[in-house]
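The values are calculated or read from the model by the stated rules, or taken from the named source; none is laboratory data. Note that the structure is a prediction, hence the values are computed from the model and not measured. Note: ideal-geometry Cβ built from the backbone for every residue, glycine included; neighbour counts use all protein chains shown.
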Amino acid sequence: MPVKVMLPTALRAFADRQEAVELEGATVGEVLGRLAGRYAKLKEHLYTGDGKLRNFVNVYVNDEDIRHLKGPDTAVKAGDTVLIVPSIAGGSATAALPALSREELQRYHRHIIMPEVGTEGQARLKKARVLAIGAGGLGSPYTLYLAAAGVGTIGIVDFDTVDATNLQRQILYSSDSIGKPKLAEAKARLKALNPHIEVEPREERLTSQNALELFKRYDVVADGTDNFPTRYLVNDACVLAGKPNVYGSIFRFEGQVSVFDGKSGPCYRCLYPEPPPPGLVPSCAEGGVFGVLPGVIGTLQAVETLKLILGVGKPLIGRLMLFDALNMEWRTLKTRKDPGCPLCGNKPTITGLIDYEAFCNAGAPPAPAAVAEISVEELKGRLDRREPFVLVDVREPHEYEIARIPGSLLIPLGQLPERLSELSKEDDLVVHCKMGGRSMKAAKLLLEKGFKRVTNVAGGINAWSERVDPNVPKY
Ligand SMILES: [Zn+2]
């Protein structure tokens, strides 16, 4: 009695549509060799040019994976069943994959007839969980193609609402979506496209506090963000959680795509150890973006994601693709893992998520300090207690003639820059004007010039007249 070789649906087309073939042989290698000898087309799908079993093909003898036995040298005897299962490299047993319904088999027919996908690959897509960071220009084509392809669970992180300027490129939305939350609109659109999938909206800002836990629940993460703090956060969380990061970025007519994977290739930090200084690289909101560009780049992110899930082809790991829509040019650069990378290198120093706003704003001019304010009642209290401070009135001389707070020093706002020497940086300065606006400008100027203790009087002398001393004329 010969050995029975069971063929998966995807490969039957190359073996006269037979479900099983009976062959003689003492080992798995011999049996499969005879099978390939009989069906030349099948041989191409089973073996590489140098005669090795392709890495998406797994072979089982009576339910045992031959990789755990003796590989092709595993002995077989009459009555044994050899099962060929197209699978990803190092893939798990087929039993763990979900079944496809009749509707799904029909819907994904053009996938299933390709040996690189087949029913098993399609089941892998169904089982897969992908997280899209951002439901904007890149996230739109990305999630639409993933949904159409049958990726079983699509998580989306976003917290924006749709506005009219989004519609030039964010094809998840329609004119009716304006003013509505992006995630609810996206979920409805994706479910309308494919009711067999699940959409998990994550209506929150991605932060150092929630990123790791979130990423651990998905197989692949796609970066469709438009700012550097989130880009570094996504990169770091992907490396720390051990998830591939399918990266896309766009600006005006230019796009970039790559797959970062801390385990087998470089991460984003290996390429760009530091973000550009704030303000150097304008955002799409400032610099604009050619509407169809995110369609090209987001679609390529979908291509790479599906390949990663299926375990087929050559991923963009270690390569950065640059697209120039204006000149219609593609360039592919080799990228290398940096052994000194603080995140994925030999001696990592980043072992947890950090403050990415601070990391990306390093080198920016310090933000102007907030100006402290006091009420007129507090000012009265300080005067009554004879606290040591200098009250500076920054109004014009004619206003000073009409009304003044006793003990104040008049320096009109326009003269302040030239008259700073009249004030001491050691002193506690309290500034006021008529209503509080000019004195706020004065206070900011003083802080910029190095005065440390500056307080603005909220409401100015008008509030003083109303609430403290009605004898001071209001004008
Ligand atoms: Zn790295």
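Worth a mention:
- From K347, K307, residue being within 30 Å of T119 (Cα to Cα) and basic (K, R): K307
- For V312, the requirement of being closer than 26 Å to P342 by Cα, in a loop (DSSP other than H, G, I, E, B) and either modelled with pLDDT of 95 or more or aliphatic (A, V, I, L, M) (or both) is not met.
- Output for the range 51-77, where each listed residue is over 37 Å from the mean Cα position of the chain (by Cα) and at pLDDT below 80: D63
- Answer from V246, V234 - the residue that is at pLDDT 90 or above, farther than 15 Å from Y356 by Cβ and within 13 Å of the chain's Cα centre (by Cα): V246
- Residue match in the range 363-382 (condition: under 22 Å from the mean Cα position of the chain (by Cα) and surrounded by fewer than 16 Cβ atoms within 10 Å (Cβ to Cβ)): no
- Cross-chain or 6+ apart pairs with Cβ under 6 Å, the range 76-95 first and part of a loop (DSSP other than H, G, I, E, B), then surrounded by 18 or more Cβ atoms within 10 Å (Cβ to Cβ) and modelled with pLDDT under 50: none
- Here D324 fulfils each of the conditions (1) at pLDDT 90 or above; (2) of a type in the set (D, E); (3) under 18 Å from the mean Cα position of the chain (by Cα) apart from (3).
- Hey, V199 closer than 30 Å to K337 by Cα and at pLDDT 95 or above or not: no
- Here the strands (runs of 3 or more DSSP E) wholly within the range 219-309 that include at least 1 residues being of a type in the set (F, W, Y) and within 13 Å of the ligand (Cβ to nearest atom) are 245-251, 254-260.
- Of all residues in the range 146-200, those satisfying the criterion of being charged (D, E, K, R) and either touching a Phe, Trp or Tyr at 6+ places or on another chain (Cβ under 6 Å) or over 29 Å from L310 (Cβ atoms) (or both) are D160, D163, D176, K180, E185.
- Some residue of the range 152-172 being in contact (Cβ under 8 Å) with a residue 24 or more places away in the chain, hydroxyl-bearing (S, T, Y) and either within 30 Å of C344 (Cβ to Cβ) or crowded, with 21+ Cβ neighbours inside 10 Å (or both): yes
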